[in-house]
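Take a look at the structure below.
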Amino acid sequence: MDETKLAISVDDLTVAYDYKPVLWDIDLAVPEGVLMAIVGPNGAGKSTLIKAILGIIKPIAGSVAIYGKPYEKQRKLVAYVPQKGSVDWDFPTTAIDVVMMGTYGSLGWIKRPGQKEKKASLEALEKVGMLSFKNRQISQLSGGQQQRVFLARALVQNASIYFMDEPFQGVDATTEIAIINILKELRKAGKTVVVVHHDLQTVPEYFDWVTFLNVKKIATGPVKEIFNDDNLTKTYGINYKVAVNK
Amino acid sequence: MTNPQIEIQLIASLVAVACAIPGVFLVLRKMALISDAISHAILPGIVIGFFITQDLNSPLLILLAAITGVITVVLVETIQKTNLVKEDTAIGLVFPALFSIGVILIAKNANDVHLDVDAVLLGELAFAPFDRLLVSGVDLGPKSLWVMGTVLLITLVLLFLFFKELKVSTFDTGLSSAMGFSPLVLHYGLMSVSSVTVVGAFDAVGAILVVALMIAPAATSYLLTSDLKKMLGLSICFGVFAAIAGYWLAHWLDASISGSMTTVLGLIFLLVYLFAPSKGLLAVLYRQKQQRKEVSLITFLLHLNNHSEEEERHINHLNEHINWKKLRSKGVLDFATKNNMIRIENDVVSLTEKGEEFTNLAIEYILTNKDEHIEHIKDDFFLFRG
């Protein structure tokens, strides 16, 4: 894999909550320009892996590099969409305002967003088909619309790597297609996209790269090569048969 | 108005504004109880500061007491992190312990000075104008005016500088952290400002009522707006209104100023809680009733749509078929007629063209479950809402 540039490399990463390991000695190398799914059962540490890469959770061992450098030096290259349920949607703010938060990182401390940031945010809202909802209070949006707003917020960060934690959870079919199309566009533009994903049926259709995770890393690589019953069984612990593409 | 009267109202307003600003963020972060803990737990800090400085308005005392406030937060979080007790239990353990240390310190040492438990709990604004700031013999006004003015100025500057950071870390801790705006730094920043504010306001309104000044304006404005800046603005307005109205209420009743201020705040909250346009109790109950009726209507129309046979649609048997009480059936029937969705011929109910179109759209909505669309459909079809 030396000839391809590595977008993300994780070495010997171990994360523990209360001395119980949630991620155990993870090695991961994600090449630039892939659309990667992280799959695994509940409690496998999928979200934790993303959070540890982004420094939100401190690992007890191991290291992470984004394009060869520590994350702290590469923040502006990375966009993050947390799980929709992790924020309070009754917070007094509007769709456009949430998208504008995506520009805060590049502004840094103290500096306020101005016209340029507003324009970029409006464009991002348009891209996800939410422009007409820009002044809507976020609690008045449906689950799918809220997820689109989150996606717009990531787009406005104009990053090289996108981390998304379950972007398809609780969204309608139209939104799911709209989101995956945008993610595929990002890949086409040479960006790297990492998605925590639950629906195994859609993995071959949506993604070209996959990581199987269950506290330990089971396998990682191109979907075509490693998305098979063997790895699924190793990850989920039961004899797994994929209905699709078999 | 006399000079002291104006001064008292001015101090009260400054206290109210200085409390309202951190209060908004505490309420949004679901940390209202922490302000209660801080306001009580700073007592030992104030007492020790008072022994050293002999002056309730000394900056050293404010600093010492504010540190006690931050220590309270640290203690609560440390106990909570062990997972042996829950957060509210941790709060309930920490602040009475610290407060009681303060009470004992006062009882042991301060019997003959101007610091007693009553003053600590309730404060007394009426005395504030007597303690003047004298600089080389020139009277610059009441000391607490200067203290609260400084606290407010610091709060405003910090709010102006870090508004964006506070907003993002309150709304989305994960993103804030990923972007490098340390939620921990912002959390303790807010705790420090809250502590300083509580200490500054403490002399004027006491440990119990300062909580009301922090939480009530924010809780009230939360029901009225969906914009953080407006929420801050409204909270400040409510605070100032309560300060001035409370002063005159106290004047009229010949009662405690801080008590009257809090009463006014409570009354404002009650009014808004009941009558706020979209988040108020009456609005919510009305909306629920409306939705119930509209769901009944859709159920009814679906029934009509599903049954071409006349006996299923006969007006006298309808309530039996869909298992509703007569009154409800009649209400829904009237509602459907008013909206031109049904017509009644020879006591047999059938859908009008409009009714059919609406029913089909409603079915599609139910099947695809795109909840954002149903309100549109209703807006397009209803002449009258439920």
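Quick note: the coordinates plus some simple rules give every number you see, no bench work behind them. Just so you know, these numbers come straight off a predicted model, no measurement behind them. Positions of Cβ are backbone-derived with ideal geometry, glycine not excepted, and every protein chain shown enters the neighbour counts.
Counting other Cβ atoms within 10 Å as a rough exposure proxy, the listed residues A:Trp89, A:Trp209, B:Trp252 run B:Trp252, A:Trp89, A:Trp209 from fewest neighbours to most.
At 20 °C and 1.002 mPa s, what whole-number value in µm²/s does Stokes-Einstein give for the translational diffusion of segment B:265-334, with Rh from the Kirkwood sum over Cα pairs?
Values: Rh = 14.3 Å.
Translational diffusion coefficient: 150 µm²/s.
Residues of segment B:39-65 with an amide N closer than 17 Å to a point placed 7 Å from the Cα of B:Val85 along the Cα-to-Cβ direction: B:39-42. Put a dot 7 Å past the Cα of B:Leu327, heading toward its Cβ, do the same for B:Phe127, and the two dots end up 6.0 nm apart. Neighbouring Cβ atoms from other chains, within 10 Å of the Cβ of residues in B:160-167, number 4 on average. Under the convention that each Lys and Arg Cβ holds +1 and each Asp and Glu Cβ holds -1, the size of the dipole of the protein assembly as shown around its Cα centre is about 900 debye. Take each residue in A:142-150, count the other chain C-beta atoms within 10 Å of its C-beta, and the mean is 2.
Could I get the Rg over Rh figure for the protein assembly as shown? Both from C-alpha atoms, Rh via Kirkwood, rounded to two places. The Rg/Rh ratio comes out at 1.06.
When the helices of chain B are scored as -39500 (n - 2.57) per DSSP H run of n ≥ 4 and the total is divided over every residue, the value at 222 nm lands at -25500 deg cm²/dmol. Taking other C-beta atoms within 10 angstrom as a stand-in for reagent exposure, B:Leu383, B:Leu175 fall in the order B:Leu383, B:Leu175, fewest first. Measuring r between the beta carbons of B:Leu159 and A:Asp208 and using R0 = 51 Å, the FRET efficiency lands at 0.65.
Placing +1 at every Lys and Arg Cβ and -1 at every Asp and Glu Cβ, with all other atoms neutral, what dipole size does segment B:3-279 have around its Cα centre, in debye to the nearest 20?
Numbers: 12 positive and 17 negative charges, 172 e Å.
In debye, rounded to 20, segment B:3-279 gives about 820.
Kindly identify segment B:157-312 as rounded, prolate or oblate by the Cα gyration tensor criterion: order the square roots of the eigenvalues as a ≥ b ≥ c, call it rounded if a/c is under 1.5, otherwise compare a/b with b/c, prolate if a/b is larger, else oblate. Intermediate values should be presented prior to the final figure.
On the way: a/c = 4.20, a/b = 1.61, b/c = 2.62.
Cα axes put segment B:157-312 in the oblate bin.
Toward the positive end of the charge dipole of the protein assembly as shown, with +1 on the Cβ of Lys and Arg and -1 on the Cβ of Asp and Glu, the farthest Cα among B:Ser308, B:Ile6, A:Thr175 is that of A:Thr175.
Relative to the 2.2 N^0.38 Å rule of thumb, segment B:282-381 has a C-alpha radius of gyration ratio of 1.07.
Report, as an integer, the average count of C-beta atoms from other chains found within 10 Å of each Cβ along A:85-96.
Partner Cβ neighbours, averaged per residue: 5.
Rounded, prolate or oblate for segment B:3-279? Axes are the square roots of the Cα gyration tensor eigenvalues, ordered a ≥ b ≥ c, and the cut-off for rounded is a/c under 1.5. Oblate. Label-to-label distance, B:Leu285 versus B:Asp380, with points set 7 angstrom from Cα along the beta-carbon direction: 3.5 nm. Taking B:Ile363, B:Ile208, B:Ile48 as the candidate residues, the one with maximal mean-square fluctuation in a Gaussian network model of chain B, Cα springs under 10 Å, is B:Ile363. With the Cα gyration tensor of segment A:6-236 giving a ≥ b ≥ c as the square roots of its eigenvalues, does the rule (a/c under 1.5 for rounded; else a/b larger than b/c for prolate; else oblate) give rounded, prolate or oblate? Prolate, because a/c is 1.5 or more and a/b exceeds b/c.
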